[in-house]
Amino acid sequence: MGCSSSIPTTGSVNSLPTKTARPSSPSSSHTNSHKRSDHVTSEKRGQRAQAEDLVQNFFLIWLDAKIDESNEDFRNSIKQLRGTVNTIEIFRDSDDCMHYISQFKNDEKTFLIISGALCESVIPHAHSISQIYSIYIFCRQQSKYEKWATKEWPKVKGVFTEIDSICNSVRQAARECDEDSVVITGQIEPSFMYSLLFKEIILEIEFAETKEIKDLTDYARNKYVGNEKQVKLIDEFARDYHGNVENKPIWWYTRQCFTYSMINKALGKLDVSTLMKMGIFMRDLHKNIKELHDKQANDKNTPLPNEVFRGQTMTEQDFGKKIKQGQFMSFNNFLSTTYERSVSLEFIQQKLQSDNSKIGVLFILNTNPSIKSALFARIDEISQYPEEKEILFSTHTVFRVQQIKETQESGMNIQQVNLTLTSESNDPQLAGLTHSIREELVGTTGWHRLGNLLIETGDFEKAEEVYMALLRDVSNDDKKEKSLLYYKLGIINYNTSKFMKAEQYMQSVIQIQENVLPENDPDLAKSYNIIGA
């Protein structure tokens, strides 16, 4: 996930002309952010990306009171930055900018480029905003603003006169941000039940490969519209990708292009629309890891390691809530680890230098290659980053927390968490928990089971997304399926106290049922009872 070296660069800030800022009136015809043709927006056009528009865990803001967006050097700089960050917003007013950033959740991170002239007024405030991940000062006189690039302001990554240098720094920050955004679910959280069965549900779904790949790439092109580099990669994927052959899923995943960004954000945020499009790639990636695991587990010359490491930073509150000795926990993503302890410690060190409000956590994972259902593989010969000595786990792998202790490593106070890989086959408690959940879930397809799982865990908003997506694709002739989907949507809206909407769905159910069911059918009676309630 880097800035493309093939794109011509502007060279330095001196080549970016500025103009006097003028008040602007947003056009009423451009107020809907979902209808814009590009993810580079400005206050002049009156349209801003919202959280649902993001396809990555981060976005970039360029704040400069005198920036000239019509200048070609500026446009080339934006094109180069978009090699790493898809969504870029341009601001001239710092108050508007800070207000906009604060509307996002804490786990939706911002990379902020500011002009040197705004350092005094912006950095003290911006540095305290949790959504801001890193700050880049872009100016003509580097020495004049060096005082801001000190330990006092760890989010400031430097003072830059070249866009190339900013691009390289943003690329590194993007990788760190992605690695640090992996969601951890603790056993006591309701969503842990979802973690146990989510992968199983995805893997049982039957995909029509040609259609699904086309749907995926069409969806990705729409998300990355205007991003020249990513669209070329999407076209390459559409042309060359043919499922789990020659380790292609892992190869595409570690390219850290649209596949990496979309799958990680979708899994971390449970973005149902994206998950439904990425499902086929998730299945192929899981199968690729399984094939490598089976091969490497039997390789006596280069056996799989018994212990791997992962460095991460967390808030103290999250750590205390999610990591409890003796309990289960799950990483809700394809999990990158390393068999080099020093690589994990270096990552923690870099992160704590940028954000000292968090604590460093070193996970030590006991892998136990004999557990067949828990899949992981050594991928350094395939990965785009072989120096990281990476072991990749399939998504939603479950561990048991064996030990937690505070220790000091490389001059840092960190929490060391020892985890043991576990599965239903070797852990009776996990087997019992999974079996009881599995029995409660019914459904004609994997997507129906996912919808039911989300209802069971109380995530009605996501459940509604699943059933609405299924409703959009169902044939008008399939009355039975339409009736079932309307019924589920009625139940969801009833549980969220949207009674009028629930009644409308149930009336649609009854309208179908009256045409296909006998008067004394129990399903018809059930629908009438819900309306009566």
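Here are the numbers for this structure:
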quantity	calculated
Single match in S344, S336 (criterion: under 20 Å from T395 (Cα atoms), in a helix (DSSP H, G or I) and either in contact with a helix residue (DSSP H, G or I) (Cβ under 8 Å, 6 or more places away or on another chain) or modelled with pLDDT of 90 or more (or both))	S344
Some residue of region 214-224 being more than 29 Å from I78 (Cβ to Cβ) and at pLDDT below 90	no
Scope region 145-170; condition among the charged types (D, E, K, R), free of Cβ contacts under 8 Å to residues at least 40 places away in the same chain and touching a Cys at 6+ places or on another chain (Cβ under 9 Å); matching residues	K147
Qualifying helices (runs of 4 or more DSSP H) (wholly inside region 173-260; at least 1 residues being closer than 19 Å to Q56 by Cβ and in the same structural domain as E387 (by TED's automatic domain parsing))	209-223, 228-240, 248-253
Members of region 55-66 found to be crowded, with 21+ Cβ neighbours inside 10 Å and hydrophobic (A, V, I, L, M, F, W, C), listed by number	V55, F58, F59, L60, I61, W62, L63
Residue count, region 349-376 (criterion: modelled with pLDDT under 95 and either over 26 Å from T150 (Cβ atoms) or out of contact with any helix residue (DSSP H, G or I) (no Cβ under 8 Å at 6 or more places or on another chain) (or both))	17
Residue that is surrounded by the fewest Cβ atoms within 10 Å (Cβ to Cβ) [pool: residues in region 97-125 that are more than 24 Å from the chain's Cα centre (by Cα) and of a type in the set (G, A, S)]	S121
Region 219-248, residues that are crowded, with 20+ Cβ neighbours inside 10 Å, within 24 Å of L292 (Cα to Cα) and of a type outside the set (S, T, Y)	F237
Enumeration of residues in region 75-96 that are over 23 Å from R140 (Cβ atoms) and over 23 Å from the mean Cα position of the chain (by Cα)	D95, D96
Single unsatisfied condition, T434 versus (1) among the polar types (S, T, N, Q); (2) farther than 23 Å from G326 by Cα; (3) touching a helix residue (DSSP H, G or I) at 6+ places or on another chain (Cβ under 6 Å)	(2)
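The values are calculated or read from the model by the stated rules, or taken from the named source; none is laboratory data. Keep in mind it's a predicted model, so treat the numbers as computed, not measured. Glycine also receives a Cβ, built like all others from the backbone with ideal geometry; neighbour counts cover every protein chain displayed.
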